[in-house]
Amino acid sequence: MAPPLEDHQMEEEEEQRPLLTRAVHRSATNNTSQVAMVGSNPCPIESLDYEIIENDLFDQNWRTRSKVDQVRYVVLKWTFCFAIGVLTGIVGFVINLAVENVSGFKHGAVSALMESTSYWTAFWLFAGSNLVFLLFASSITAFVSPAAGGSGIPEVKAYLNGVDAPNIFSMRTLAVKIAGNIAAVSSSLHVGKAGPMVHTGACIAAIFGQGGSRKYGLTCRWLRYFKNDRDRRDLVTIGAGAGVAAAFRAPVGGVLFALESLSSWWRSALIWRSFFTTAVVAVVLRLFIELCGTGRCGMFGKGGLVMYDVSTIFDDLMTYHLKDIPIVILIGVTGALLGGLYNFLMTKVLRVYNMINERGGAHKLMLAATVSILTSCCVFGLPWLAPCRPCPTNGSPDGTCHALNRFRRFHCSPGHYNDLASLFLNINDDAIRNLYSTGTSDVYHPGSMIIFFVASYGLGVLSYGVVAPSGLFVPIILTGATYGRLVAMLLGSHSGLDHGLVAILGSASFLGGTIRMTVSVCVIILELTNNLLLLPLVMLVLLISKTVADSFNSSIYDLILQLKGLPHLDGHAEPYMRQLTVGDVVAGPLRSFNGVEKVGNIVHILRTTGHHAFPVVDEPPFSPAPVLYGLVLRAHLLVLLKKREFLPAPERYPKEYVAAGRFLAEDFDKRGSGKQDTIADAQLSSEEMEMYVDLHPFTNTSPYTVVETMSLAKALVLFREVGLRHLLVVPKACDRSPVVGILTRHDFMPEHILGLHPVLLGSRWKRLRWQKGVVAKYFRSLLVWITSRS
C-alpha cells in the first residue's frame, strides 16, 4: 500500500505548492563534504569505479587473452574463496579462544577472591583488569589504526555501496581489529564480536583482492586480474558473509546477512561463491571445536557448531498454541518500541562521543576509562542487590552450582547462587546461553531481570561509541533475551510459553527493532538455537517489530552511516526527486579535454581541480562539429604523463601504436590500498608541457549518459543499480555543447539537492514515521474523545 500513499501525498503537495520555477544551476558548485568518519577519525572519501572501461587498449587486452587465461581467472576466484573461508574460520576461532580464556581466567580469579571474602580486592582486580584491557584496545585503535574503531559494518556497507576510504581494509587495520576486539570484549564492556568479525572477514578478502604487491614480491601475472573494483567488491561481500558465519557459526545466515544488509549489488554467481566460503568456515570451525573437545584449549571447547542449542532437551517445552499468538504480537510491538528508543538514544550518545573524540587521543582514552570504570561499578555492584537463591537440585552432581558458568556464587554461602552475578560476571555468550535455557522458569528473580535489563540496555547505549573495535549484534541479542524473560515472568500463568522460548523471541524482536533485518536474522537465530519449531514465531516477531520500528526511525546501521557522513545511496528515490530533472542539480563548472590535448592544459586542470573524470570532446579537424567522444579518468591521465609518450604536433597516434606494446593494460589497472599516483609526481620540462597527447586510445568510448530532461529519481536508480561513479548529462538539443555536466554520487545527496532548491524543504516527503507533533495531535484527540464519552 506504500506506493498509493506516496503518490497521493505528492499530489496533495503539488496542489498546495505554487508552481516551481526550475532554474538550472550549472554554475553552482557541489559543496557537500568529501570527508567522513571512518572508524574513529575523519578521512577523505572517494567513489569506486565499477564501470567497465571500453577503449582501444581494453579491446586489445581482451583480444590477446586466451582460454587458458579465462580458466585461470575462474580457478583463482574459487581458490581465493577457499582461502578466505579458511583464514576467516581460523581468526574467528582465535578470537573466541582468546576471549573465553582471558575472561574465564579473570572471572575465576574474582570468584576465588569473593569466596575468601576479599571483596574489595576482588573489585579492584576486576575493575583494574577491565581498565587495562580497554585502554589497550583504545590505544592501539586511536594511535595505530583509527579505521578499526567501532563494528566496521557501516564502513563495509558503504564500501559495497561504492564509497572508498583509506586504510579500511589494510593489514594494520586487520591486526588492530583482531587484537582490539579481544581486549575490548575481555574488558567486560557491553560489546560483541560479530560486527568486528564482519569487518575482519572483509579485510581478509580485500587483501586477496589487491592484485599482488610489489613490496612483498607478489607480482604474479595471474594476480593482476583482480586489480579492479568489481572483483574486489565481490571478494569483500564474500568475506563479510564469512565473518558472520565465523561469529555465529551460521553459514546460511552469513550469506543472507551479506545479501540483505550489506550488499547493494548481487548476482547468482556470487551466491554460489559466498555459500562455498561460509561452508568452508563451518568446516574449519568444526575441526577446531573437535580439537578443543579433548581439553587442549583451556576454558574453550564446550559445545559444538550450535552456540545456544535448545533442541536436545525439554522438547515438550518448546511447543506453543494459537492462544499464544497475541503474546507473540505483544512481544514484537514492545521490541519495536524499545528498539526505536535504543536507536534514538544511540545517535544522541554518539554525537556527544564524537565531540569528545575530536579533541584528540588523550580525550579518547579518558572517555574509554570513564566508560570502563562505570561499567565495572555496575557489573560488580548491582549483583549485591540480588538475593541469594538455593542451587537447583540438578545444578551439579555434588549439589553445588557455583563452579558452573551457569551459576555464580558471588557473596552467597555454599549451596547458593546469585542470579545477577550469573549474568553479569560471564561473557555475553554464556549469559545468552543461560537466558535461552529451557526448563529454568524459577532460576531468575523478576527483580533481578528488571535490574539486568535496565543495566544491559543502558550499557549497550553507552559502550558502543568508545574508540575500540566493538560490535552491536551480541549485546542486542542479550538485552532482547532479558526483555523476553522479563515478559514471560510478568505474564506468569497467563502464558504457557517456556521462559527460554520467550527469551529467544525477545532477542528476535529487539533485533528487528534496532537492526531492521528479517530474513537473515531469522535464519541466524534458527542456526544459533538449532530448533525449527521456532520458525513461525520468529518470523512473526521480526515482521511486526521491523514494521512498527520503521515508523519511528531508520535502522541503527543506517543512522550510524548518516552520523559518519558516508554518502550511502539508498535503493529508493525520495519522491521530491521526481519533481526535478538531472539538469536542475548538475554542478559546475565543467572541465573537458580535446581528443588531442596539450600536455600543459592537462597538467593545469589536474592541479587546479579534484575531479576524477573528464569528458573528451572531439572538435575540428578531428570531427566536423563538436561531438562527445567519451570519458577519460584522472588516474589514466596520470599514467600517460608518467610514461611521457607525447607528440610534437596535435595529431592522433598511428593505429598500430597501441598494438606495438608502447602501453600495457596492467599500467592502467587500479592500484590497491597503497600509495596512489598524484599530479605532484609528474615532473615535466617546459618543452614537454608544449607537446601533445592523444587521448582517444585511453578514453572510455561508451560511458553511461542521460538526457538533461530525465527525472532525478530515474537517474538515481540507474546510477545505483549499475554502480557508477560518473554519469554524463547530455543536452536535449543538438545545437549546444555536447556535454551539460557530470553527475557523481554527491550530486544525489539531499544536502546538495535541497541546498539548490530550498523550496523543497517544506514538501520533502519522508517515510511514514511518527513525528512529535503528530503524536501530540492524536493524543489530544484521544483525550477529547474520552472526555466527551464520559
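Restricting to the range 576-618, count the residues that are under 18 Å from Phe698 (Cβ atoms) and either over 34 Å from the mean Cα position of the chain (by Cα) or outside the structural domain of Met691 (by the TED database) (or both).
Adding up the residues that qualify gives 16.
What pairs come up if the first residue lies in the range 649-663 and is farther than 15 Å from Asn55 by Cα, the second is exposed (fewer than 15 other Cβ atoms within 10 Å of the Cβ) and modelled with pLDDT under 70, and their beta carbons are under 7 Å apart, counting only those six or more places apart or on different chains?
Taking only residues 6 or more apart or on different chains, not a single pair turns up.
Could you please find all residues in the range 327-374 being more than 24 Å from Asp550 (Cα to Cα), crowded, with 17+ Cβ neighbours inside 10 Å, hydroxyl-bearing (Ser, Thr, Tyr) and at pLDDT 95 or above?
In the first step, residues of the range 327-374 are kept if they are more than 24 Å from Asp550 (Cα to Cα); the result is 352-374.
Cutting the leftovers down to crowded, with 17+ Cβ neighbours inside 10 Å gives us 353, 357, 364-365, 367-368, 371-372.
Then drop every residue that is not hydroxyl-bearing (Ser, Thr, Tyr), which leaves 353, 372.
Matches in the range 327-374: Ser372 only.
Considering only the range 130-146, how many residues are open to solvent by less than 10 Å² (accessible area, probe 1.4 Å) and either without any contact (Cβ under 8 Å) to a residue 40 or more places away in the chain or farther than 14 Å from Ala368 by Cα (or both)? Give the steps one after another, and end with the answer.
Applying the first criterion (open to solvent by less than 10 Å² (accessible area, probe 1.4 Å)) to the range 130-146 yields 130, 134, 137-138, 141, 145.
After this cut, where a residue has to be either without any contact (Cβ under 8 Å) to a residue 40 or more places away in the chain or farther than 14 Å from Ala368 by Cα (or both) as well, the list is 145.
So the count comes out to 1.
For Met299, all conditions in the list (1) modelled with pLDDT under 90; (2) within 25 Å of the chain's Cα centre (by Cα) hold save one; what is the number of the exception?
Going through the list (1) modelled with pLDDT under 90; (2) within 25 Å of the chain's Cα centre (by Cα), Met299 breaks only (2).
Only one of (1) open to solvent by 10 Å² or more (accessible area, probe 1.4 Å); (2) outside any loop (DSSP other than H, G, I, E, B); (3) small (Gly, Ala, Ser) fails for Gly480. Which number is that?
Exception for Gly480: condition (1).
Hey, does the range 499-517 have a residue that's surrounded by fewer than 24 Cβ atoms within 10 Å (Cβ to Cβ) and in a helix (DSSP H, G or I)?
no
Please return the ranges of helices (runs of 4 or more DSSP H) entirely within the range 621-731 where 3 or more residues are of a type outside the set (A, V, I, L, M) and open to solvent by 20 Å² or more (accessible area, probe 1.4 Å). Walk me through it before giving the result.
Details: elements: 634-643, 656-659, 686-689, 712-722.
Per the criteria, 634-643, 686-689, 712-722.
Among the candidates Leu535, Leu563, Leu569, single out the residue that is assigned to a loop (DSSP other than H, G, I, E, B) and either of a type in the set (A, V, I, L, M) or open to solvent by 40 Å² or more (accessible area, probe 1.4 Å) (or both). Can you show your working first?
Values: Leu535 fails: assigned to a loop (DSSP other than H, G, I, E, B); Leu563 fails: assigned to a loop (DSSP other than H, G, I, E, B).
Answer to the selection: Leu569.
Could you check the range 112-124 and list, in sequence order, the residues that are of a type in the set (A, V, I, L, M) and either in contact (Cβ under 8 Å) with a residue 12 or more places away in the chain or in the same structural domain as Ser413 (by the TED database) (or both)? Break it down into steps so the answer makes sense when it comes.
Residues of the range 112-124 that are of a type in the set (A, V, I, L, M), as a first pass: 112-114, 122.
Leu113, Met114, Ala122, listed by residue number.
Quick one: in the range 436-477, which of the residues that are assigned to a loop (DSSP other than H, G, I, E, B) and among the polar types (S, T, N, Q) is most open to solvent (accessible area, probe 1.4 Å)? Talk me through it step by step, then tell me what you get.
Narrowing the range 436-477 to residues assigned to a loop (DSSP other than H, G, I, E, B): 437-445, 464-468, 470, 472.
Filter again for among the polar types (S, T, N, Q), leaving 437-438, 440-441, 470.
Details: Ser437: 26, Thr438: 9, Thr440: 5, Ser441: 53, Ser470: 2 Å².
My answer is Ser441.
(1) β-branched (Val, Ile, Thr); (2) surrounded by fewer than 19 Cβ atoms within 10 Å (Cβ to Cβ); (3) not assigned by the TED database to the domain that holds Arg662: which one isn't true of Thr744, the others all being true?
(2)
Output the qualifying pairs, or none if there are none: Cβ atoms under 8 angstrom, residues six or more apart or on different chains, first residue in the range 676-704 and farther than 21 Å from Glu651 by Cα, second residue open to solvent by 70 Å² or more (accessible area, probe 1.4 Å) and assigned to a helix (DSSP H, G or I).
Within 8 Å, the pairs are Asp677/Lys642; Ile679/Arg607; Asp681/Lys642; Ala682/Lys642.
Is it the case that the range 540-554 has a residue that's in a loop (DSSP other than H, G, I, E, B), among the β-branched types (Val, Ile, Thr) and open to solvent by 10 Å² or more (accessible area, probe 1.4 Å)? Working first, answer last.
Start the filter on the range 540-554 by keeping residues that are in a loop (DSSP other than H, G, I, E, B), which leaves 550-554.
Add one more test, that the residue is among the β-branched types (Val, Ile, Thr), and what stays is none.
The answer is no; no qualifying residue exists.
Pick from Ala36, Ala127, Ala109: which is without any contact (Cβ under 8 Å) to a residue 40 or more places away in the chain and open to solvent by less than 40 Å² (accessible area, probe 1.4 Å)?
Numbers: Ala36 fails: without any contact (Cβ under 8 Å) to a residue 40 or more places away in the chain; Ala127 fails: without any contact (Cβ under 8 Å) to a residue 40 or more places away in the chain.
Among Ala36, Ala127, Ala109, only Ala109 is without any contact (Cβ under 8 Å) to a residue 40 or more places away in the chain and open to solvent by less than 40 Å² (accessible area, probe 1.4 Å).
The values are calculated or read from the model by the stated rules, or taken from the named source; none is laboratory data. Remember, it's a predicted structure, so these values are computed and weren't measured experimentally. Using ideal geometry, Cβ is built from the backbone for each residue, glycine included, and neighbour counts are taken over all protein chains shown. Surface areas here come from the heavy atoms of the whole protein model, side chains and all, with no ligands, DNA or RNA. Shrake-Rupley method; radii C 1.70, N 1.55, O 1.52, S 1.80 Å.
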